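First the structure, in the form of structure tokens, and then the observations on it.
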Amino acid sequence: MQHPTNPIPVGVLGATGTVGQRFITLLSTHPWFTIHALGASPRSAGKAYKDAVNWKQVTPIPASVRDIVVKPCVAQEFVECKVVFSGLDADVAGDIEEAFRAADLAVFSNAKNFRRDPNVPLIVPLVNPSHLSIIPQQQSLLSLKKGFIVTNANCSTTGYVIPLYALEKAFGPIEAALVTTMQAISGAGYPGVSSLDILDNVIPYIGGEEEKMEWETLKILGGVAEDDQGAKSFDMHAKQPLRVSASCNRVPVIDGHTECVSIRFARRPPPSPQQVREALAAFTPDAQSLGCPSAPRHAITVHEEPDRPQPRLDRYYQDGAGVSVGRVRQCQVLDIKFVVLANNVSIGAATSSIINAEFAVLKGVVQA
């Protein structure tokens, strides 16, 4: 697959927010994409980016964007962009992203608004980039030539579906999964959870999170079916029904979602813990094989130490683009249990959108 030789101009919506800042940090050094336009709220529009943003990243504002004048999130301001990344809040993302798509722009969104749309792929790039195959149908229904919307998953869903997919690929369908999350406060955005609520505390509820995890897992791990008339749809893992039960908790960690997972395989007997470790370590996603520049060298890092992964030690390995798995062992109730750590602001957010766009460029879905 031939990599692009000319820079690809991209835009970022919600550029002053937490996810937008992460997009900018990653895109500022990207080998293909070059930041052409930044969009934000009316109160930021018209200002130089350095004056509009309350920068909260650990590295300085990239010099290449400091003086870019922020634009309103209006499609005509982004017509020269081949790709538009959306870090918008869900409260405003729906109408804006829809308008950008209608203007024939390719939108890669981190927001939840279109995840349930039957013609919009919900893609974790290390799992199901093949779901881009529904894009021509989305475009045909809306009479578009280049415009479309691709969404990436909720940050908590992203972390655990990567090892689940690797295990289904190696050992066949999973029929039940229990997942308990310990989610970082950055997942709530900035300024996030009040210090009086989160310090010395665990909050055993994140609104809508459990239901999102349970539903999104089925769309991501399922396939794309085609009927006799050629119409495509997501099968929601219907060939082998998968039951998911999620319990979501907010914990006093800045970045990095830790998740305790137990699974039951359809096959009998199930694989051993050692077989599971080997399959996870050997997993190579299509995004890596294809040469997406932001894909991690190791999609899944398997830890042998009994006390890993840990957010503080493991969340920035490979710049947070892969996941870390440890404590793989037999489950006395289901079959196998393990712990997975994912960086919620990297592979759980901006990094996923960027790899999705890279894959779309290499497959010709984005006309670069």
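The values are calculated or read from the model by the stated rules, or taken from the named source; none is laboratory data. Note that this is a predicted model, so its numbers are computed, not measured. Methodologically, a virtual Cβ is constructed for each residue, glycine included, from the backbone with ideal geometry; neighbour enumeration extends over all protein chains shown. Just so you know, the surface numbers come from the protein's heavy atoms only, side chains and all, with ligands and any DNA or RNA stripped out. Shrake-Rupley method; radii C 1.70, N 1.55, O 1.52, S 1.80 Å.
Considering only residues that are at pLDDT 95 or above and part of a helix (DSSP H, G or I), which ones fall in segment 16-37?
Those that are at pLDDT 95 or above and part of a helix (DSSP H, G or I): Gly20, Gln21, Arg22, Phe23, Ile24, Thr25, Leu26, Leu27.
Touching a residue at least 60 places away in the same chain (Cβ under 8 Å), more than 22 Å from Leu341 (Cβ to Cβ), touching a Gly at 6+ places or on another chain (Cβ under 7 Å) and open to solvent by less than 50 Å² (accessible area, probe 1.4 Å) - does that describe any residue in segment 218-231?
Within segment 218-231, not a single residue is touching a residue at least 60 places away in the same chain (Cβ under 8 Å), more than 22 Å from Leu341 (Cβ to Cβ), touching a Gly at 6+ places or on another chain (Cβ under 7 Å) and open to solvent by less than 50 Å² (accessible area, probe 1.4 Å).
Can you tell me which residue among Leu126, Leu122, Leu141 is farther than 30 Å from Tyr205 by Cβ and not assigned by TED's automatic domain parsing to the domain that holds Pro271?
Leu141
From Ala231, Ala225, Ala188, which residue is in contact with a helix residue (DSSP H, G or I) (Cβ under 8 Å, 6 or more places away or on another chain) and not acidic (Asp, Glu)?
Exactly one residue qualifies, and that residue is Ala231.
Checking the structure you have, find out if any residue of segment 47-62 is open to solvent by less than 80 Å² (accessible area, probe 1.4 Å) and within 28 Å of Gln139 (Cα to Cα).
The answer is no, given that none of the residues of segment 47-62 is open to solvent by less than 80 Å² (accessible area, probe 1.4 Å) and within 28 Å of Gln139 (Cα to Cα).
Of all residues being touching an Asp or Glu at 6+ places or on another chain (Cβ under 9 Å) and not small (Gly, Ala, Ser) in segment 277-295, which is surrounded by the most Cβ atoms within 10 Å (Cβ to Cβ)? Just the residue, please.
Ranking the qualifying residues of segment 277-295, first place goes to Cys292.
Could you tell me which of the residues Val12, Val65 is in contact (Cβ under 8 Å) with a residue 40 or more places away in the chain, in the same structural domain as Gln138 (by TED's automatic domain parsing) and part of a strand (DSSP E or B)?
Testing whether each residue is in contact (Cβ under 8 Å) with a residue 40 or more places away in the chain, in the same structural domain as Gln138 (by TED's automatic domain parsing) and part of a strand (DSSP E or B) leaves just Val12.
If you take the residues in segment 232-256 that are outside any strand (DSSP E or B) and touching a Leu at 6+ places or on another chain (Cβ under 7 Å), which one is most open to solvent (accessible area, probe 1.4 Å)?
Restricting to residues being outside any strand (DSSP E or B) and touching a Leu at 6+ places or on another chain (Cβ under 7 Å), the top hit is Pro252.
Can you report the number of residues in segment 291-322 which are among the aliphatic types (A, V, I, L, M) and either closer than 20 Å to Ala357 by Cα or modelled with pLDDT under 95 (or both)?
3
On the basis of being in contact (Cβ under 8 Å) with a residue 12 or more places away in the chain, closer than 30 Å to Trp55 by Cα, out of contact with any Cys (no Cβ under 9 Å at 6 or more places or on another chain) and basic (Lys, Arg), does Arg250 make the cut?
The answer is yes for Arg250.
Considering only strands (runs of 3 or more DSSP E) fully contained in segment 296-368, which possess at least 2 residues that are open to solvent by less than 10 Å² (accessible area, probe 1.4 Å) and not hydrophobic (A, V, I, L, M, F, W, C)?
So the answer is 323-330.
Surrounded by 19 or more Cβ atoms within 10 Å (Cβ to Cβ) and under 21 Å from Leu38 (Cα atoms): which single residue out of Ala111, Ala90, Ala153 fits that description?
Exactly one of Ala111, Ala90, Ala153 is surrounded by 19 or more Cβ atoms within 10 Å (Cβ to Cβ) and under 21 Å from Leu38 (Cα atoms), namely Ala111.
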